[in-house]
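Novice: First, the structure itself, so that you have it in front of you.
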Amino acid sequence: MEPDIELRNKKIERYYRLHSSIYDWTRWSFLFGREELLNRIPELPPNPRILEIGCGTGTNLTNLEYLFPDALIYGMDLSGDMIRQARTKVDKSRQITLVNGAYGDNKFNFEPFNLILLSYSLSMLGSQAEQIMKQVHRDLTSDGYVAVVDFSDTRFSWFQRWMKLNHVAIDGQLTSLLNRLFIPRLTQHKKAYLGLWRYLLFIGRRRPSADI
Ligand SMILES: C[S@@+](CC[C@H](N)C(=O)[O-])C[C@H]1O[C@@H](n2cnc3c(N)ncnc32)[C@H](O)[C@@H]1O
């Protein structure tokens, strides 16, 4: 792994050492659109393979368990503290695999997934975002979907700076990156707090490799 990416991941890991224990009490007030995105995922083939990259404390994993009762679900996060929180939540009787590691560091060789979800993790990937989305493209089945909910843009530079301190890029770049690799099925920008920022809901089908 490149040294600057390793350093970034270490900073994120350290950040969540404290935040993992207060995460669920605090994040409901600004991580909007998570449930809505999951409710808009199209029908998947039987026994679909689903991965959430940056699954955090597992909020989406428990909703995915409910929405796709026959799915094989994977949650991956670079923070061991977040994975520990997720482990307390997921249904022990289901086949949910939790992986503690950084997606994109080539250590993991997954079978292709029918759906890959990134919920407020893409904006944390910084300069790695494009490389990671290309990896997502490779890790999907040819008819697979990506689903993304994340901070999109803001008119306020002070807010952008504040989010950067929290390891989040809110720079309006996500939609064009996603459109290059996936055929959009849902693209929606929604206002949060009367327009302090907008967040993005995106669902797209994998573009054929020859087209990108
Ligand atoms: C804002 S949290 C979102 C958690 C969860 N998806 C949710 O919606 O509540 C972002 C998560 O992404 C994880 N993360 C950041 N970069 C990652 C990477 N390269 N691989 C795996 N997880 C990553 C962080 O550790 C953190 O738990």
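Novice: Pairs of alpha-carbon atoms within less than 8 angstrom and 6+ residues apart define the contacts here; what relative contact order does the chain have, in percent?
Specialist: Relative contact order here is 19 percent.
Novice: Cα gyration tensor of region 61-174, axes a ≥ b ≥ c as square roots of the eigenvalues: rounded (a/c below 1.5), prolate (a/b > b/c) or oblate?
Specialist: Prolate, because a/c is 1.5 or more and a/b exceeds b/c.
Novice: Using protein chains only and a probe of 1.4 angstrom, how many square angstrom of His167 are accessible, to the nearest 10?
Specialist: 40
Novice: Further, regarding this structure: I need the phi-derived Karplus couplings for region 18-26: 6.51 cos²θ - 1.76 cosθ + 1.60, θ = phi - 60°, integer Hz, Gly and Pro marked x.
Specialist: So the J values, rounded to whole Hz, are 7, 6, 4, 7, 10, 4, 5, 6, 10.
Novice: Over region 3-211, what per residue volume does the convex hull of the Cα atoms give, in whole Å³?
Specialist: 117
Novice: What are the radius of gyration and Dmax of region 135-181, computed over its Cα atoms and given in Å?
Specialist: 13.7, 41
Novice: For n ≥ 4 DSSP H runs only, could you compute -39500 (n - 2.57) per run for the chain, divide by its residues and tell me the 222 nm figure to the nearest 500?
Specialist: Estimated from H runs of four or more residues: -10000 deg cm²/dmol.
Novice: Among Val146, Val168, Val136, which one shows the highest mean-square fluctuation when the chain is modelled as a Gaussian network with alpha-carbon springs under 10 Å?
Specialist: Looking only at Val146, Val168, Val136, the biggest GNM fluctuation is shown by Val168.
Novice: Rounded to whole Hz and in sequence order, give me ³J(HN,Hα) for region 111-118 from the Karplus expression 6.51 cos²θ - 1.76 cosθ + 1.60, θ = phi - 60°, writing x for Gly and Pro.
Specialist: With coefficients 6.51, -1.76 and 1.60, one gets 5, x, 9, 7, 8, 10, 10, 10 Hz.
The values are calculated or read from the model by the stated rules, or taken from the named source; none is laboratory data. Only a predicted model underlies this, so the values are computations on that prediction, with no experimental measurement involved. Accessible surface areas use protein heavy atoms only, side chains included; no ligands, DNA or RNA. Shrake-Rupley method; radii C 1.70, N 1.55, O 1.52, S 1.80 Å.
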